[in-house]
Amino acid sequence: MDLAEKVLQGDRRAVARLITEVENSGKLAGDILKALHGRTGHAHIIGVTGPPGAGKSTLIDRLAKSYRLLNKKIGIIAIDPSSPFTGGAILGDRIRMSDLNTDPGVYIRSMGTRGHLGGLSRATADVVKILDAFGMDKIIIETVGAGQSEVEIASMAHTTILVEMPGLGDDIQTIKAGIMEIGDIFVVNKADRQGADRTELELRAMLELQSEPGLWVPPILRTVASSNEGITSLRDSIEIHYSHLTSSGNLDKHNYIRTKQEFLSIMREELIGLVIQSELSESQLDGIIMSILKRESDPHTEVSRIIQRFSANR
Ligand SMILES: Nc1nc2c(ncn2[C@@H]2O[C@H](COP(=O)(O)OP(=O)(O)OP(=O)(O)O)[C@@H](O)[C@H]2O)c(=O)[nH]1
Ligand SMILES: [Mg+2]
């Protein structure tokens, strides 16, 4: 039995192996993903993002348990940002999901931001696909809302939850306007701490600035993840958002956009690979870069030349 079949039959070790293939951008991974595609499209993808230490992992842990009470199968992908200063994953295994680890209805994977040839968002999209084919009903992705690839990953989700906490500063500088727009549900976690009122008010003010009539109005919820408060309401809100997405036709739109992005990104990668392989040796590339640097040529001219040669050789 091949790896794809094993994944479809619920073999967890096959899932782990396949994800490792994907992370290494192996040729095998592409072939297996082909075989899995027909069995995807079932999962509800939920993004959880917010500043470091806001309680995202704790919240996801509780949310996953809450979904387990409804017998939903849960995939969790934690993106560990690795700092250029520390040179490694800072978060490591801080994810607090130890007792979920032994639940056969839960699959947890953490991914470092380093070493993905095709980029972290590509790799994450593939892992989502694998967990979807594996039969997970909800796939929760944790990111720290910071860099470009994190925002890209967050936009992969059908439902995006932005997590804040009280007392991060005088105002909500941590959530930037750009990322506010992708929030479908706002959570003030650590509501047991002082300043939750103020954080909520500030969020409300920012949301009113950008709300448009007729559209989904993002709710603001309070939670105390560490003591499991507000988790059922959060789960309910997520489900209401998903129904709204479905009934408004926005789910189809979202899936269309995502599929188009995926298609174009694979196309880009493959085409570049093909052209480079047939037209550009390492030393040729070096020569071109040097001539551009010396201002004897420019990048546009060089790219056109290569594409012309590539087309002529077909
Ligand atoms: N007081 C309080 N502490 C909490 C709450 N939720 C989480 N914590 C604590 O906050 C700390 C950080 O929680 P995490 O869940 O690791 O936060 P995170 O957002 O995943 O952190 P990073 O992944 O490092 O960005 C832990 O010590 C938690 O126990 C809460 O509602 N109230
Ligand atoms: Mg975390």
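The values are calculated or read from the model by the stated rules, or taken from the named source; none is laboratory data. In this text the structure is predicted, and so the values were computed from the model without any measurement. As a convention, Cβ positions derive from the backbone with ideal geometry for all residues, glycine included, and neighbour counts pool all protein chains shown. The accessibility values were calculated without ligands, DNA or RNA, using every heavy atom of the protein model including side chains. Shrake-Rupley method; radii C 1.70, N 1.55, O 1.52, S 1.80 Å.
Can you tell me which residue is modelled with the lowest pLDDT among those in the stretch 45-94 that are β-branched (Val, Ile, Thr) and within 11 Å of ligand 2 (Cβ to nearest atom)?
Step one: of the stretch 45-94, the residues β-branched (Val, Ile, Thr) are 45-46, 48-49, 58, 60, 74, 76-77, 79, 86, 90.
Retained after the next criterion (residues that are within 11 Å of ligand 2 (Cβ to nearest atom)): 48-49, 58, 60, 76, 79, 90.
On the way: 48: 93, 49: 89, 58: 91, 60: 94, 76: 94, 79: 85, 90: 43.
Within the stretch 45-94, the match that is modelled with the lowest pLDDT is 90.
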Long-range neighbours under 6 Å by Cβ, at least six apart or interchain, first residue among the polar types (S, T, N, Q) within the stretch 186-202, second assigned to a strand (DSSP E or B) and within 12 Å of ligand 1 (Cβ to nearest atom): 189/163; 199/164; 199/188
Options 258, 268, 235; residue that is surrounded by 15 or more Cβ atoms within 10 Å (Cβ to Cβ), assigned to a helix (DSSP H, G or I) and not assigned by TED's automatic domain parsing to the domain that holds residue 158: 258
Evaluation of residue 284 against (1) at pLDDT 90 or above; (2) farther than 24 Å from residue 48 by Cα; (3) touching a Phe, Trp or Tyr at 6+ places or on another chain (Cβ under 6 Å) (one fails), failing number: (3)
Filter result for the condition that a residue is touching a residue at least 60 places away in the same chain (Cβ under 8 Å), of a type in the set (Gly, Ala, Ser), touching a helix residue (DSSP H, G or I) at 6+ places or on another chain (Cβ under 9 Å) and surrounded by fewer than 21 Cβ atoms within 10 Å (Cβ to Cβ), over 10, 47, 41: 41
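Do you know which residues across the stretch 185-202 are outside any helix (DSSP H, G or I) and of a type in the set (S, T, N, Q)?
189, 194
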Residue within the stretch 164-173 that is assigned to a loop (DSSP other than H, G, I, E, B), open to solvent by 30 Å² or more (accessible area, probe 1.4 Å), modelled with pLDDT of 90 or more and in the same structural domain as residue 57 (by TED's automatic domain parsing) present: no
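In the stretch 215-231, what count of residues is obtained for those that are open to solvent by less than 80 Å² (accessible area, probe 1.4 Å) and either touching a strand residue (DSSP E or B) at 6+ places or on another chain (Cβ under 7 Å) or over 17 Å from residue 183 (Cβ atoms) (or both)?
Pass one, the stretch 215-231, residues open to solvent by less than 80 Å² (accessible area, probe 1.4 Å): 216, 218-221, 223-225, 227, 230-231.
Within this subset, residues satisfying the condition of being either touching a strand residue (DSSP E or B) at 6+ places or on another chain (Cβ under 7 Å) or over 17 Å from residue 183 (Cβ atoms) (or both) are 218-221, 223-225, 227, 230-231.
Adding up the residues that qualify gives 10.
Looking only at the stretch 30-38, decide whether some residue is out of contact with any Lys or Arg (no Cβ under 7 Å at 6 or more places or on another chain) and part of a strand (DSSP E or B).
Start the filter on the stretch 30-38 by keeping residues that are out of contact with any Lys or Arg (no Cβ under 7 Å at 6 or more places or on another chain), which leaves 30-32, 34-35, 37-38.
Next, only the ones that are part of a strand (DSSP E or B) stay: none.
No: zero hits.
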Boolean, residue 246 is within 16 Å of ligand 2 (Cβ to nearest atom) and either open to solvent by 50 Å² or more (accessible area, probe 1.4 Å) or within 30 Å of residue 194 (Cβ to Cβ) (or both): no
Among residues of the stretch 271-301, those that are within 25 Å of residue 120 (Cβ to Cβ), among the hydrophobic types (A, V, I, L, M, F, W, C) and open to solvent by less than 60 Å² (accessible area, probe 1.4 Å), counted: 1
